[in-house]
C-alpha cells in the first residue's frame with residue numbers, strides 16, 4: 001500500500017517511483033515510501049542529473065523517477081534502416097511546426113541543495129538490496145551505518161563539501177542531487193572561469209566504492225561518453241579522481257556540462273501546479289519526442305543503448321533539449337553489465353532478455369504517454385500496458401497518436417518501431433495531423449513511404465455529363481487510384497525495376513517472373529502487376545509467400561488491401577488497411593485507404609472522421625475532399641459539404657471538378673429539397689465557372705431541370721430572380737432549357753443523339769401563339 005501524499009489537499013499516494021500518483025510531486029525525505037520489494041519492483045535510484053531543482057520545491061533537480069539494476073542476457077533488435085541523425089539546434093524545437101515556450105536558464109547557485117539528504121524510501125543496501133537507513137518508532141533512520149542483513153557499510157551523505165577542490169581544478173559549490181550512481185555535484189572550472197564569467201560543470205561520483213556494479217557502470221559511462229558528440233546529448237569534459245575524505249580510497253568522477261534548464265518531468269509538474277491541466281499540450285509533447293529521438297538514433301547507430309529514457313532525463317533549456325544521465329548506456333552486445341531502468345518506463349522483456357533498440361523505443365512511448373495525459377497507475381496497474389481509449393479522452397480523440405503509442409509500447413519487441421528514425425517520421429506525421437485538426441491549416445509533407453494518390457477517386461459529382469452520379473464508391477476503382485509504397489532504393493532489385501518499360505500488365509508479369517534478381521521490391525511489383533492484370537489468385541499466392549518471408553512488413557497488408565478492393569471485398573480491405581494504419585499512424589495515405597474501405601462497408605461515420613483528418617492535414621488528397629462532401633451530403637449537411645469543396649485550392653487540377661460538384665450540391669433534389677437561396681447560389685456559381693461550351697451547356701441542363709422540378713413541387717422564386725439569365729418562373733425556365741437542349745443537339749457527335757435532344761427541346765418548350 002503506498003504512503004499518503006503529505007501535500008495539503010492531495011488525496012494521492014507515493015508510488016514506487018517516488019512521485020505522488022495524484023499531484024505528481026516528489027516525496028520529501030520524511031514522507032518517502034519505506035517499504036521495500038524485490039529489485040524488479042522497487043526503485044533503486046536515478047542515474048546522473050544535470051538540471052536545476054524543480055520550481056516550488058526543495059527536491060533534487062531533474063531527478064524524478066528511480067532506476068532498477070538487474071542482470072539479464074542481452075537481445076539485439078536492430079534498426080531496419082541506418083536513418084538520419086537530425087541534431088537539435090538552437091531555436092529548432094517544434095520541428096519548425098510549432099513554437100515551444102522557452103525555459104529560461106537558472107542561476108546555477110540556486111540549484112544547489114541547502115540540505116542534501118536521501119529520502120529513506122530510496123535507501124537500499126548495495127550488497128543485498130535490502131532496505132537500510134529506515135526510521136523506526138517515529139525516529140528517523142541513520143544516513144550512515146552497516147546493513148543489518150549482510151553487514152555491508154552504507155552511506156547516503158555527500159562525501160564532498162562546498163569549497164572542496166577536485167583535481168586542483170574543480171571548486172565545489174554543493175550537491176545537486178542523489179542519482180543512480182551516487183551524489184551529483186555542481187562545481188566551477190577554475191581553468192576556464194575568469195573574472196567575467198564562470199564555466200559551471202557537474203561532477204558525478206559513485207554510491208559506494210565497494211559496489212562493483214556501480215563502479216563498472218561509471219567506467220563504462222566514461223568510455224562511451226567521451227566518444228559521443230551530439231548537440232542533444234550532454235557533453236563530457238573530463239574524468240577525474242579524488243580521495244574519499246573518509247576512507248582515502250580514490251573515487252572517480254565524471255565531469256560534464258551543466259545544463260541549466262528544467263527536466264520535462266519538472267515542466268509537467270509545474271504545469272500541474274499552475275493550471276487545471278494534468279498533462280502538457282499534445283503538440284508540445286510530440287515536438288519533444290521529435291526533437292530527442294534523433295539523439296537516441298545517434299546512439300543506436302553507434303551500437304549503444306540508452307536503457308533508461310524518461311522525462312527526468314531530458315532537460316529543456318531555453319530553446320534546446322538535452323539528453324542527460326547516460327549512466328545506463330551500454331553496448332548492444334553487452335550481456336554482463338548490470339541493467340539500469342525505471343519502473344513504469346522499462347520494457348517488460350528487459351528483465352528476461354536484456355535491453356535492445358526496441359526497449360529504448362518502448363521507453364520513449366511510455367514517456368510520451370506520461371507527459372500527454374493523466375497516466376495514473378503507470379507504475380502499477382498499467383505498468384506494462386496503456387489504458388483503454390475509453391478511459392483517456394485524449395486517446396479517444398487522437399486515434400493516430402493512440403496507435404503510435406500502441407506500436408511504440410507493443411508487448412512484442414519486434415512489432416515496435418524498428419528504429420528511432422522511423423518513429424520520428426511517424427511522430428512528425430501525427431504532429432502535422434494534430435496541429436491541422438486544431439487550427440484548420442494544412443501541413444502537408446512528402447512521404448518517405450508512399451507516392452501521392454495516382455488519381456482521385458469518388459469524383460463523379462465533379463464530372464459533367466448526362467449520366468447520373470454513382471451512388472457508391474466502386475472498390476476496384478479505388479484500388480487503382482490509391483497511392484503505392486515507395487520503392488526502397490537500397491533494395492537489390494531497385495535498379496532492375498527502374499529499367500522496366502512495359503506498361504501492359506501481362507508483359508510486366510513475364511518480365512518480373514524472369515527478373516535477374518529476387519528481392520522484396522521485385523516480389524511486390526509482381527504482386528501489383530498480377531492485381532492489375534486480374535490474376536487475383538496468383539497475387540494472393542505471392543502475398544502469402546511474401547508474408548511468410550517477412551510477416552511484419554506493412555506492405556504485405558497494403559497489397560492485400562488493394563487485392564481485396566479489386567475483388568470487391570471491402571470488409572477484407574478494411575482489415576488490411578487498418579493493420580497498415582497501426583504500423584504507420586503518421587501517414588495520411590494509410591488513413592485515406594482505410595477511409596475508402598470503411599465507406600465501402602457502409603460505416604459512414606468512421607469514414608467521415610478519417611477523410612476529415614486526411615483532408616485537414618494534406619490538401620493534395622483530393623479523394624478525401626470528395627469523400628467528405630459525399631458523406632455530408634448524404635446525411636443532409638449541405639453547408640458542410642460545400643465548405644469542403646470550396647477548400648480545394650485553385651492550383652489543383654481538380655478545382656474545377658470540385659466547383660462543378662458544388663453546383664450540384666446546391667441543386668434541390670429528392671434527398672436535399674433546398675430553398676430558393678440554394679438554387680440561386682447554384683446558378684451564380686455555375687455562371688462564374690467559365691466552362692467550355694459543351695460542359696457549360698450540359699451543367700445548364702442539369703440546373704434548369706432541377707429548377708423546373710422544384711417549381712413543379714409548388715415552390716416559388718422571388719419575382720425578380722433569374723436562373724442562369726432566365727426569368728425565375730416556369731415559362732422562362734422552359735425557354736432556357738429548350739435553348740440548352742438545342743445547343744447540345746448541335747454539339748452531338750451522332751444523329752440518334754441529336755434527334756433525341758431535339759425531341760427533348762420540343763417537349764419542354766412552352767406553348768406559344770407562333
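Within region 386-398, which residues are touching a residue at least 40 places away in the same chain (Cβ under 8 Å) and assigned to a helix (DSSP H, G or I)? Reasoning before the result, please.
Filtering region 386-398 for residues touching a residue at least 40 places away in the same chain (Cβ under 8 Å) gives 394, 398.
Of everything in region 386-398, just one residue is touching a residue at least 40 places away in the same chain (Cβ under 8 Å) and assigned to a helix (DSSP H, G or I), namely 394.
So which of 560, 574, 555 ends up being more than 16 Å from residue 398 (Cα to Cα) and in contact with a strand residue (DSSP E or B) (Cβ under 8 Å, 6 or more places away or on another chain)?
Values: 560 fails: in contact with a strand residue (DSSP E or B) (Cβ under 8 Å, 6 or more places away or on another chain); 574 fails: in contact with a strand residue (DSSP E or B) (Cβ under 8 Å, 6 or more places away or on another chain).
Answer to the check: 555.
Here are the criteria: (1) part of a loop (DSSP other than H, G, I, E, B); (2) at pLDDT 95 or above; (3) within 25 Å of residue 281 (Cβ to Cβ). Tell me which single one residue 355 does not satisfy.
Going through (1) part of a loop (DSSP other than H, G, I, E, B); (2) at pLDDT 95 or above; (3) within 25 Å of residue 281 (Cβ to Cβ) one by one, residue 355 breaks only (3).
This table checks each residue for (1) in the same structural domain as residue 313 (by TED's automatic domain parsing); (2) in a loop (DSSP other than H, G, I, E, B); (3) at pLDDT 85 or above.
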{"site": "35", "(1), (2), (3)": "no, yes, no"}
{"site": "40", "(1), (2), (3)": "no, yes, no"}
{"site": "74", "(1), (2), (3)": "yes, yes, no"}
{"site": "83", "(1), (2), (3)": "yes, yes, no"}
{"site": "88", "(1), (2), (3)": "yes, yes, no"}
{"site": "92", "(1), (2), (3)": "yes, yes, no"}
{"site": "109", "(1), (2), (3)": "no, no, no"}
{"site": "115", "(1), (2), (3)": "no, yes, yes"}
{"site": "142", "(1), (2), (3)": "no, yes, yes"}
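Just to be sure, is residue 595 buried (at least 24 other Cβ atoms within 10 Å of the Cβ), touching a helix residue (DSSP H, G or I) at 6+ places or on another chain (Cβ under 9 Å), within 12 Å of residue 482 (Cβ to Cβ) and not assigned by TED's automatic domain parsing to the domain that holds residue 399?
Working: buried (at least 24 other Cβ atoms within 10 Å of the Cβ): yes; touching a helix residue (DSSP H, G or I) at 6+ places or on another chain (Cβ under 9 Å): yes; within 12 Å of residue 482 (Cβ to Cβ): yes; not assigned by TED's automatic domain parsing to the domain that holds residue 399: yes.
Yes.
In this structure, is residue 539 outside any helix (DSSP H, G or I) and farther than 27 Å from residue 420 by Cα? First the steps, then the outcome.
Details: outside any helix (DSSP H, G or I): no; farther than 27 Å from residue 420 by Cα: yes.
It is false that residue 539 is outside any helix (DSSP H, G or I) and farther than 27 Å from residue 420 by Cα.
Please return the ranges of helices (runs of 4 or more DSSP H) entirely within region 675-770 where 2 or more residues are surrounded by fewer than 18 Cβ atoms within 10 Å (Cβ to Cβ), at positive phi and assigned by TED's automatic domain parsing to the domain that holds residue 464. Spell out the reasoning first.
Details: elements: 676-689, 693-712, 730-747, 751-764.
Those helices (runs of 4 or more DSSP H) do not exist here; none qualify.
Tell me which of these residue 500 doesn't satisfy, since it passes every other one: (1) in contact with a helix residue (DSSP H, G or I) (Cβ under 7 Å, 6 or more places away or on another chain); (2) surrounded by fewer than 16 Cβ atoms within 10 Å (Cβ to Cβ); (3) under 17 Å from residue 573 (Cα atoms).
(3)
Residue by residue through region 161-186, note down the ones that are in a loop (DSSP other than H, G, I, E, B) and out of contact with any helix residue (DSSP H, G or I) (no Cβ under 9 Å at 6 or more places or on another chain).
Of region 161-186, the ones in a loop (DSSP other than H, G, I, E, B) are 161-164, 167-169, 180-181.
Of everything in region 161-186, those that are in a loop (DSSP other than H, G, I, E, B) and out of contact with any helix residue (DSSP H, G or I) (no Cβ under 9 Å at 6 or more places or on another chain) turn out to be 161, 162, 163, 164, 167, 168, 169.
Would you mind finding the one in 305, 293, 326 that is out of contact with any strand residue (DSSP E or B) (no Cβ under 8 Å at 6 or more places or on another chain) and surrounded by 24 or more Cβ atoms within 10 Å (Cβ to Cβ)?
Details: 305 fails: out of contact with any strand residue (DSSP E or B) (no Cβ under 8 Å at 6 or more places or on another chain); 326 fails: out of contact with any strand residue (DSSP E or B) (no Cβ under 8 Å at 6 or more places or on another chain).
From the options 305, 293, 326, the qualifying one is 293.
Do you know which residues across region 418-448 are assigned to a loop (DSSP other than H, G, I, E, B) and surrounded by fewer than 22 Cβ atoms within 10 Å (Cβ to Cβ)?
Residues of region 418-448 assigned to a loop (DSSP other than H, G, I, E, B): 418-419, 440-448.
Listed by number, the residues that qualify are 418, 440, 441, 442, 443, 444, 445, 446, 447, 448.
Can you confirm whether region 499-515 contains a residue that is free of Cβ contacts under 8 Å to residues at least 60 places away in the same chain, part of a loop (DSSP other than H, G, I, E, B), closer than 25 Å to residue 579 by Cβ and assigned by TED's automatic domain parsing to the domain that holds residue 598? Even if it seems obvious, please write down each step before you answer.
Taking region 499-515 and keeping what is free of Cβ contacts under 8 Å to residues at least 60 places away in the same chain, we get 499-515.
Subsequent filtering for residues that are part of a loop (DSSP other than H, G, I, E, B) retains 500-504, 514-515.
Filter once more, so that each one left must be closer than 25 Å to residue 579 by Cβ: none.
No, because not a single residue in region 499-515 is free of Cβ contacts under 8 Å to residues at least 60 places away in the same chain, part of a loop (DSSP other than H, G, I, E, B), closer than 25 Å to residue 579 by Cβ and assigned by TED's automatic domain parsing to the domain that holds residue 598.
If the requirement is being modelled with pLDDT of 80 or more and on the phi > 0 side of the Ramachandran plot, which of these qualifies: 191, 167? I'd like the intermediate steps shown before the answer.
Working: 191 fails: on the phi > 0 side of the Ramachandran plot.
Answer to the selection: 167.
Looking at 364, 392, 329, 357 in this structure, which one is assigned by TED's automatic domain parsing to the domain that holds residue 295 and farther than 16 Å from residue 299 by Cβ?
Numbers: 364 fails: farther than 16 Å from residue 299 by Cβ; 329 fails: farther than 16 Å from residue 299 by Cβ; 357 fails: farther than 16 Å from residue 299 by Cβ.
Exactly one of 364, 392, 329, 357 is assigned by TED's automatic domain parsing to the domain that holds residue 295 and farther than 16 Å from residue 299 by Cβ, namely 392.
The values are calculated or read from the model by the stated rules, or taken from the named source; none is laboratory data. None of the values given here were measured: they were computed from a predicted structure. Cβ atoms come from the backbone with ideal geometry, glycine included; neighbour counts cover every protein chain shown.
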